[in-house]
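To keep things clear, I will list the structure first and then write my remarks on it.
The values are calculated or read from the model by the stated rules, or taken from the named source; none is laboratory data. It should be emphasised that the depicted structure is a prediction, and the values quoted were computed from it without experimental measurement. As a convention, Cβ positions derive from the backbone with ideal geometry for all residues, glycine included, and neighbour counts pool all protein chains shown.
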4 protein chains.
Amino acid sequence: MKKIGVLTSGGDAPGMNAAVRAVVRSAIYRGVEVYGIYHGYKGLITGNIKKLEVSDVGDIVQRGGTILYTARCEEFKTEEGRAIAIEQLKKFGIEGLVVIGGDGSFMGGVKLTQLGFPTIGIPGTIDNDIPGTDFTLGFDTALNTIIDAIDKIRDTATSHERRFIIEVMGRGCGDLALWAGLADGAESILIPEKKEDLDSIVERLNRGLERGKKHNIIIVAEGVGHADEIAKAVKARANMDTRVTVLGHVVRGGSPSAFDRVLAARMGNKAVELLLGGDKGKMIAIQNNKIVAHDILDLLTKKHEFNENLYQLAKVLSI
Amino acid sequence: MKKIGVLTSGGDAPGMNAAVRAVVRSAIYRGVEVYGIYHGYKGLITGNIKKLEVSDVGDIVQRGGTILYTARCEEFKTEEGRAIAIEQLKKFGIEGLVVIGGDGSFMGGVKLTQLGFPTIGIPGTIDNDIPGTDFTLGFDTALNTIIDAIDKIRDTATSHERRFIIEVMGRGCGDLALWAGLADGAESILIPEKKEDLDSIVERLNRGLERGKKHNIIIVAEGVGHADEIAKAVKARANMDTRVTVLGHVVRGGSPSAFDRVLAARMGNKAVELLLGGDKGKMIAIQNNKIVAHDILDLLTKKHEFNENLYQLAKVLSI
Amino acid sequence: MKKIGVLTSGGDAPGMNAAVRAVVRSAIYRGVEVYGIYHGYKGLITGNIKKLEVSDVGDIVQRGGTILYTARCEEFKTEEGRAIAIEQLKKFGIEGLVVIGGDGSFMGGVKLTQLGFPTIGIPGTIDNDIPGTDFTLGFDTALNTIIDAIDKIRDTATSHERRFIIEVMGRGCGDLALWAGLADGAESILIPEKKEDLDSIVERLNRGLERGKKHNIIIVAEGVGHADEIAKAVKARANMDTRVTVLGHVVRGGSPSAFDRVLAARMGNKAVELLLGGDKGKMIAIQNNKIVAHDILDLLTKKHEFNENLYQLAKVLSI
Amino acid sequence: MKKIGVLTSGGDAPGMNAAVRAVVRSAIYRGVEVYGIYHGYKGLITGNIKKLEVSDVGDIVQRGGTILYTARCEEFKTEEGRAIAIEQLKKFGIEGLVVIGGDGSFMGGVKLTQLGFPTIGIPGTIDNDIPGTDFTLGFDTALNTIIDAIDKIRDTATSHERRFIIEVMGRGCGDLALWAGLADGAESILIPEKKEDLDSIVERLNRGLERGKKHNIIIVAEGVGHADEIAKAVKARANMDTRVTVLGHVVRGGSPSAFDRVLAARMGNKAVELLLGGDKGKMIAIQNNKIVAHDILDLLTKKHEFNENLYQLAKVLSI
């Protein structure tokens, strides 16, 4: 393999640039040329493809977002679209592809692999919702952005002795809410993986009030429902006022944390190693603090593992 | 005057603690005792009042929120409430009061002054909506929190080439939106002080798209309307998708900026000077980079001055 | 066991407060009283010991430093000193102790254990120099502080096209330098674990210059030598000017990262579990992303494992 | 005037990029072309000059450093060098120049003005050492970086109950030390403008110890002497241990604060206005919160005004 491609797809995540850099330099170090494909799979179809040199990925390790851009691409979901993509790859002489993105993005990679074009995935998403990996690229940075915001909210919550409901991203996976809630001492953590009834939420709020707690924070993953609605329900049940803050897209951006930069370096390098070694259809993962790889088709039948221990620990520590 | 009190009232703002520290130490330096009144005017009525020593305000200069807490107090708005407050002040031997808060809070101070109890105000609010002062305490910190958030949103906006509508606090005063929009190169700045029609907003978005701008940001003060509604209007008029982020209470918290800490020091010290010098019914202000004082009753008939130049400059720079 | 104690000892590290909170609440949750011992082992001798309630550890999860303070204590290193300490513990009815600190601090715990007083250690130090654990409490936060500083230095390095030598803490262990260098794309990483000769450093600087790199960064752990001396050596060998920055105690402080807060929660809880379960003389660790415990005496014969892979990867990515 | 140039010179400062953006867009808005001159005056001589379009300065408002780079240039100090520079400017048809930098850089601009080539200066330096302006571009950002670092040091200082001596930049002007010391409650502030004898420093340290202060911070501007030497002197005089931290080039980098971005916008726009209006040999300044301009030759005979009030206030507040 003398030429490989790299693209970012799906929602952007901090550390994607660091991963692109790692892919490019690991490949060039091994004498392989790298091509950047712009705007995700769309760029594969339109041929928005450029050769990347060592210095093209200089000074990006600390940047949020992705210099390769990302986009949705309906056309690539069709057989015709993928045929055009394969043609473009052949035109540029690209023989293998690294896809950085979420599980939706990996399906595209699997299709290419099935068409005889080897692809390796790197899990890049803040949601930590991908099976087979303890952490996705961007999760740690997003978590730090969230706790920084909650720390700020806590100042004002304490000054006014108010209760806050804070909504964070996470449709199917509550990891952002769970880790942030544990890290910031939230009274209640509402996540899709666990049912929590309104009475227990209200009871925990009351318990905090009783022991003179100056601030009370409920953190909710968007998959559970809107923070506004929960505020209304709390008001209806217990005549208790709460303030709502939705931490939206702020959490997606920002300079990657040290953990994410190092993870990006390790995953990008591993992806190149596997691709050059003849592997395909795999996703790089970190498990038990080791960089490993899993078959993507296997993964797609699984669900990201929920950490019951952390959930219980959060309950213990917010007494 | 041998004993003075200090309280924080209204919405909390970064720098309130630094101002409390400055009041306490400036007074003690001049041989005067200081009493902290907790939970704003409510504490005046309930007698939640404690003597503050030099070290009680140690290690708070960098803290967000207010160690004296803040609260609404309906009772103080009645004649009976204020009579109780005066009694409490007499009980503790407190002869003068520094009130740190917004213009609503100053009305309470004016009432006390009219009852023969001298009061000086320090403008503490992130909104910069107080007449007679170029800057309120907390405005600079809030602004920095906002631009930090917009910088993060920009990462993801650029990666996806998306348009964002970002709502910030500011009911009657658009200064947070105006300064943040100028500081961050927003395409449009929607503030209560200026009418901007939908066509011009859409036109500016289109212009950005045409010259290949990767991100487009509209910043809107809450006084103009909800970001959600503007997003819907833009969609209806121009079939253009936008993402919405509401920067809520996050902006109220956080460690005060250097500017706000120094401002707090200067204002707190000046308030003590005036009070001990026999002044009353005045608000400390910074105008033309000088610490001055204005009669509060005069101020309450005025409106915070709108900076037309900054508004026009923002338009020039976002071409 | 009905009463346990907790102390922090040695150099402070971000996350120590979060760990104290976790110990206190985990114990109270299980019906056990907790006593805070102030100023490390010194407080054991002087009897500076206070009962901690749930709310005494409220609002500290996000604070740097340690509310229990830390100090050196020569007296505790003597037999007499330790006898006094045991008496104090008996006086308060404390039956077990959690020690949060570095390996020096654990020796004290081992001595107490040998005297029949059960002790469990939690590795709290930014240096990541403790054997048996992948990460120490505070390491992740310190790393993020370092990369934030290097990102800033990079702005000025790039503007002037200058070379910088940046010294970070780490006497016997180069992990801070290694991880930060990998995370920030340093040209050379000088750590006690690996010899790197001056010629190779100069060669890498020259290579960077040749490919038009705007900034060149050498990161050096203090255990290798002073940055100043390395700058002089580079000047002498290659007539090349470099700027030096020593990131000193700044790196020790600051609000703990999400990773460190969660780690503190898990370790603090585990320490209480072990202590109440009859364990002693052990240190809590995180290995392969699992919370485990090791015999301290065993550990003290070992060295923190050096990650050769990361070191080689840093070389690959800084081509 | 149909074409103007812009360059950055001297030490870089946060906000330089925002000022370049403002110059470029203000000029283009008025129908004038702008040329970027790279590497300061050196680029004038080598002809490293490129036309800048609106989008060339997109996405830089938040970046530290300067995209135009900066460098020293001995050749420009000679008559021959300046003659070549004038030729280059003529070759590109550039009729006026905006120079962003410190007072050294303005001398070059004055020389060009004297040769008939109109030049306007924008004061960009973190040191705030330029006469005629209350604030230089970059000062506010540097100040915030410094207080963030001191807040971190305070965590560790408090935990160990240690005294710290912190050195910041500032050769002839102590403003960074003065403002940071006031903002962070330093015990002593040592600046070139004021003599402070060792006895008084020691006395203030002792006073802090006596009233149980957990941390004591002395902040020193580099113009006064090295922090190391002061530490030795304190040790010799009072047998008191102190820790030293030198906040070096970290303070020069980083994303500009809101204040600096808005200041950059206003100054950049004003510089273009003046240049197009026929002005020359002037420096833009902010005085009493208004953007004004002064004759550079006049300024160079003056000294930046020292704020005695702030200095005295710092003493009052650190009792």
What's the number of the condition B:ASN48 fails, among (1) without any contact (Cβ under 8 Å) to a residue 60 or more places away in the chain; (2) within 23 Å of the chain's Cα centre (by Cα); (3) within 14 Å of chain A (Cβ to nearest Cβ)? (2)
Does any residue of segment C:218-232 turn out to be under 30 Å from A:GLY138 (Cβ atoms), in contact (Cβ under 8 Å) with a residue 60 or more places away in the chain and either surrounded by fewer than 20 Cβ atoms within 10 Å (Cβ to Cβ) or among the hydroxyl-bearing types (Ser, Thr, Tyr) (or both)? no
Only one residue in B:TYR69, B:TYR29 is out of contact with any Lys or Arg (no Cβ under 6 Å at 6 or more places or on another chain), within 14 Å of chain A (Cβ to nearest Cβ) and among the aromatic types (Phe, Trp, Tyr), so which one is that? B:TYR69
When segment D:150-188 is checked residue by residue, the ones that are free of Cβ contacts under 8 Å to residues at least 60 places away in the same chain, within 23 Å of B:LEU263 (Cβ to Cβ) and within 11 Å of chain C (Cβ to nearest Cβ) are D:ASP151, D:LYS152
Lone qualifier among D:GLY5, D:GLY93, D:GLY40 - being in contact with a Leu (Cβ under 7 Å, 6 or more places away or on another chain) and on the phi > 0 side of the Ramachandran plot: D:GLY40
Return yes or no: is D:ASN144 within 14 Å of another protein chain (Cβ to nearest Cβ) and on the phi < 0 side of the Ramachandran plot? yes
Do the conditions hold for B:VAL6, that is, is it without any contact (Cβ under 8 Å) to a residue 40 or more places away in the chain, in contact with a helix residue (DSSP H, G or I) (Cβ under 6 Å, 6 or more places away or on another chain) and under 20 Å from B:ILE86 (Cβ atoms)? no
Please indicate, with yes or no, whether at least one residue in segment C:10-26 is in a helix (DSSP H, G or I), touching a strand residue (DSSP E or B) at 6+ places or on another chain (Cβ under 7 Å) and within 11 Å of chain D (Cβ to nearest Cβ). yes
Read through the list (1) on the phi > 0 side of the Ramachandran plot; (2) within 18 Å of the chain's Cα centre (by Cα); (3) more than 11 Å from every other protein chain (Cβ to nearest Cβ), then give the number of the only condition that A:GLY116 fails. (2)
Can you tell me which residue in segment C:280-319 is surrounded by the most Cβ atoms within 10 Å (Cβ to Cβ), limited to those that are away from every other protein chain (no Cβ under 14 Å) and part of a strand (DSSP E or B)? C:MET283
For segment B:261-279, enumerate the residues that are without any contact (Cβ under 8 Å) to a residue 12 or more places away in the chain and either among the charged types (D, E, K, R) or in a loop (DSSP other than H, G, I, E, B) (or both). B:GLY277
Give A:GLY223, A:GLY248 a once-over and let me know the one that is modelled with pLDDT under 90 and out of contact with any His (no Cβ under 9 Å at 6 or more places or on another chain). A:GLY248
Can you find a residue that is closer than 26 Å to A:GLN114 by Cβ, touching a residue at least 24 places away in the same chain (Cβ under 8 Å), crowded, with 21+ Cβ neighbours inside 10 Å and small (Gly, Ala, Ser) anywhere in segment A:21-30? yes
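Residue-by-condition table, conditions (1) surrounded by 23 or more Cβ atoms within 10 Å (Cβ to Cβ); (2) more than 30 Å from B:ALA258 (Cα to Cα); (3) not acidic (Asp, Glu):
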{"site": "B:PRO14", "(1), (2), (3)": "yes, no, yes"}
{"site": "B:THR46", "(1), (2), (3)": "no, yes, yes"}
{"site": "B:GLY58", "(1), (2), (3)": "no, no, yes"}
{"site": "B:GLN62", "(1), (2), (3)": "no, no, yes"}
{"site": "B:ALA71", "(1), (2), (3)": "no, no, yes"}
With the requirement that a residue be of a type outside the set (Val, Ile, Thr) and within 14 Å of chain D (Cβ to nearest Cβ), what does segment C:126-136 give you? C:ASP127
Looking at segment D:296-308, I want the residues that are under 11 Å from D:MET283 (Cβ atoms) and have a partner that is part of a loop (DSSP other than H, G, I, E, B) and of a type in the set (A, V, I, L, M) with Cβ atoms under 9 Å, at least 6 apart or on another chain. Which pairs are those? D:LEU299/D:ILE130
Identify the single condition in (1) surrounded by fewer than 24 Cβ atoms within 10 Å (Cβ to Cβ); (2) touching a Phe, Trp or Tyr at 6+ places or on another chain (Cβ under 8 Å); (3) more than 14 Å from chain A (Cβ to nearest Cβ) that B:MET240 does not satisfy, given that it satisfies every other one. (2)
Answer with yes or no whether A:PHE259 is surrounded by fewer than 24 Cβ atoms within 10 Å (Cβ to Cβ) and among the aromatic types (Phe, Trp, Tyr). no
Tally the residues that are over 26 Å from A:ASP127 (Cβ atoms) and in contact (Cβ under 8 Å) with a residue 40 or more places away in the chain, restricting the search to segment A:86-109. 8
Go through segment A:243-271 and give me each residue that's out of contact with any Phe, Trp or Tyr (no Cβ under 9 Å at 6 or more places or on another chain), of a type in the set (D, E, K, R), more than 13 Å from A:LEU137 (Cα to Cα) and within 12 Å of chain B (Cβ to nearest Cβ). none
Please go through segment D:106-131 and give me each residue that is of a type outside the set (D, E, K, R), under 29 Å from D:GLY223 (Cβ atoms) and surrounded by fewer than 24 Cβ atoms within 10 Å (Cβ to Cβ), ordered by number. D:MET107, D:VAL110, D:PRO131
Take the residues of segment B:189-201 that are farther than 14 Å from B:LYS315 by Cα and touching a residue at least 24 places away in the same chain (Cβ under 8 Å): which is surrounded by the fewest Cβ atoms within 10 Å (Cβ to Cβ)? B:ASP199
Looking at this structure, is C:VAL54 surrounded by fewer than 23 Cβ atoms within 10 Å (Cβ to Cβ) and out of contact with any Pro (no Cβ under 7 Å at 6 or more places or on another chain)? yes
